[in-house]
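The values are calculated or read from the model by the stated rules, or taken from the named source; none is laboratory data. These numbers come from a predicted model, not from an experiment. Glycine also receives a Cβ, built like all others from the backbone with ideal geometry; neighbour counts cover every protein chain displayed.
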Amino acid sequence: MIELIIDGKTLHVKEGTTVMEAALRLGIKIPSMCHNGDLPHFSSCMICLVKNQTNNKLFTSCTVAVAPGMNIITMDEEIREARKTALDLLLSDHTGDCEAPCQISCPAHMDIPAMNGFIAGGEFEKAYHIVLQDIALPSILGRICPAPCESACRRKSADQAVSICLLKRWVGDVPAFAGTTEKGAVGGVPTFAGMTKEVAVVGSGPHGLSAAWYLQQMGYQCTIFDKNLLPGGALRDQVPVEKLPVEVLDREIERISRAGVKFQMNSEIDQERIKELEKQFDAVVYPLEKAPKMAVRASALGKEAAWKVHQTLSGEPVAGLQKNFNSRFSKLLEPEIAEYLKEAATGNRIEPSGGLKDEFSREEAMSEAARCMHCECRKPDSCLLRIYAHEYGADQKRFSGTPRKTLTRVIQHDTVVYEPRKCIKCGICIRITTKRKEELGLTFIGRGFDVEIGVPFNGTIREGLTHTAEEVVIACPTGALAMKGGGK
């Protein structure tokens, strides 16, 4: 047995044990992207660097075996900076969007590609639930939003942007005529059974309605106070009825009321009244002082306010909604347009047969949603490169400078999509296909900076992954290898 010290703790391990494995015995998990269980291993990502205090040198913990007298520290400022540098280098050769440009440009940060995917597949209830995760008033905003998401849509590079707002409006209207339930409509929002805390919301415009909707879903009892006789605020007073019919506004408000939100209208709110509310309720959501012109932005700020209230009442740090690291690149190059169109329906955008004021038919909605090129990452929540880039504050532009490589999508398999520009060359997929005795499997092709993962003898991905497709997708530390349907 070998004695060593890791982060001030002495332990004894067998000869041949790696420092990473020894640290894990103490419950210390050292980050890594190229390491995978008992597969044959070589170090490539350089994220697992640690320091031996006996000689003050950094080394990769996943390949170096323990030695007598080692005194290891797994984190200090030098180690953190070294890991960040490794991430910066990996990102400099990484081309892909963590989140689609349409989602980034949406003030409510709605998962537009997921909505489109569910509509295209005829899963309208799931699409409705996806929308409600971020937009409390889809039927309303689908009619009056100026659609910044469509301005950012990469489909414009090919022909015309996807009709995101019309699709959002259609999804919001579906429950009214298709009997879609609202159960589970806000997946991703925390719910807490049995909570008794009450929140007052001042104002019944898009900000207040949104805040109350999300707080109610979290388990708080919300009451909206407003000086007007009817709820809606500027939505009722300042938007022409031909653009936003009264019955649509009333229907959205009724849904919020059915969720349990109480309304106290004709309630004059002054400073004295607000002081009373602060004594009567566990928290108060105040009206916006810089009210935004776009209702979708006010709605987004309402959701942000709901999260801050929840964090306050839960004793958590008040930070609002977390913003994760997001890899981005410039506009599509001409050859890349065809690559992105491989999985999208062809043709210009579709409009409702009865005109823009009319609804899509189901077939029209499905066809228009199928035009989405799905330029988002298919593994945004499990991609280790993104997770560690966020944790270490990585800088994607630090080592940029040379022209980026052209994006490609390899779609040769029934269930798997391969995007080489997201690959970090860790070789895990190669080691899996070798261990599982794939006839062709995967291998490194090329030399130096031009090396890529591919199938030997010019084979296809289908030929290389005959029985290991799901395993290599799960093991891939980025979105380079992913299932066609995504795995968020």
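Here the range 274-317 is the region considered, the condition is being of a type outside the set (K, R) and touching a Gly at 6+ places or on another chain (Cβ under 6 Å), and the residue that is nearest to C145 (Cα to Cα) is E304. Evaluation of R386 against the conditions (1) in contact with a Cys (Cβ under 8 Å, 6 or more places away or on another chain); (2) part of a loop (DSSP other than H, G, I, E, B); (3) of a type outside the set (D, E) shows that the sole unmet condition is (2).
Being at positive phi, crowded, with 17+ Cβ neighbours inside 10 Å and part of a loop (DSSP other than H, G, I, E, B): is that true of M46 here? Here the answer is yes, as M46 does meet what is asked. If the condition is being β-branched (V, I, T) and either loosely packed, with under 15 Cβ neighbours inside 10 Å or in a loop (DSSP other than H, G, I, E, B) (or both), then the range 431-473 contributes I445, V451, V455, T460, T466, T468.
Of A338, A344, which residue is at pLDDT 90 or above and in contact with a Cys (Cβ under 9 Å, 6 or more places away or on another chain)? Every option except A344 fails the conditions.
Of the numbered criteria (1) farther than 20 Å from V171 by Cα; (2) of a type in the set (A, V, I, L, M, F, W, C); (3) touching a helix residue (DSSP H, G or I) at 6+ places or on another chain (Cβ under 8 Å); (4) at pLDDT 95 or above, the one V239 fails is (4).
Among the residues of the range 231-246, the one identified as of a type in the set (D, E) and over 18 Å from L356 (Cα atoms) is D237. Does any residue in the range 216-237 that is on the phi > 0 side of the Ramachandran plot come within less than 6 Å, Cβ to Cβ, of a residue that is assigned to a helix (DSSP H, G or I) six or more places away or on a different chain, and which pairs are these? Listed pairs, sorted by first residue: G232/L249. Of the helices (runs of 4 or more DSSP H) that lie entirely inside the range 99-177, those containing 1 or more residues that are among the β-branched types (V, I, T) and surrounded by fewer than 24 Cβ atoms within 10 Å (Cβ to Cβ) span 101-105, 138-144. Take the range 319-375 and flag every residue that is among the aromatic types (F, W, Y), within 29 Å of H390 (Cα to Cα) and part of a loop (DSSP other than H, G, I, E, B). Within the range 319-375, F325, F329 qualify. Just to be sure before I move on: is T406 surrounded by fewer than 20 Cβ atoms within 10 Å (Cβ to Cβ), at pLDDT below 95, part of a loop (DSSP other than H, G, I, E, B) and polar (S, T, N, Q) in the structure I sent? Considered against the rule, which asks whether it is surrounded by fewer than 20 Cβ atoms within 10 Å (Cβ to Cβ), at pLDDT below 95, part of a loop (DSSP other than H, G, I, E, B) and polar (S, T, N, Q), T406 comes out as yes. Scanning the range 474-488 for residues that are part of a loop (DSSP other than H, G, I, E, B), surrounded by fewer than 20 Cβ atoms within 10 Å (Cβ to Cβ) and out of contact with any Asp or Glu (no Cβ under 6 Å at 6 or more places or on another chain) gives K484, G485, G486, G487.
With respect to S267, determine if the residue is in contact with a helix residue (DSSP H, G or I) (Cβ under 7 Å, 6 or more places away or on another chain) and surrounded by 15 or more Cβ atoms within 10 Å (Cβ to Cβ). Taking the combined requirement at face value, the residue does not satisfy it. Set side by side, the residues T63, T85 differ, and just one is assigned by TED's automatic domain parsing to the domain that holds R25, of a type in the set (V, I, T) and either within 33 Å of the chain's Cα centre (by Cα) or surrounded by fewer than 16 Cβ atoms within 10 Å (Cβ to Cβ) (or both), which is T63.
Yes/no per residue for (1) more than 25 Å from C383 (Cα to Cα); (2) touching a strand residue (DSSP E or B) at 6+ places or on another chain (Cβ under 8 Å); (3) of a type in the set (V, I, T):
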residue	(1), (2), (3)
E3	yes, yes, no
I6	yes, yes, yes
H12	yes, yes, no
E15	yes, yes, no
V19	no, yes, yes
G27	no, no, no
P31	no, no, no
C34	no, no, no
L39	no, no, no
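Of all the criteria given as (1) in contact with a His (Cβ under 6 Å, 6 or more places away or on another chain); (2) at pLDDT 95 or above; (3) of a type outside the set (S, T, N, Q), the one not satisfied by A300 is (1).
I need the full set of residues from the range 286-305 which are of a type in the set (D, E) and either under 17 Å from A212 (Cα atoms) or buried (at least 19 other Cβ atoms within 10 Å of the Cβ) (or both), in order please. Within the range 286-305, E304 is the sole residue that qualifies. Across the range 323-363, the number of residues qualifying as over 27 Å from the mean Cα position of the chain (by Cα), of a type in the set (D, E) and surrounded by 12 or more Cβ atoms within 10 Å (Cβ to Cβ) comes to 3. When each of V199, V239, V246 is tested for being surrounded by 23 or more Cβ atoms within 10 Å (Cβ to Cβ) and hydrophobic (A, V, I, L, M, F, W, C), the lone residue that passes is V199.
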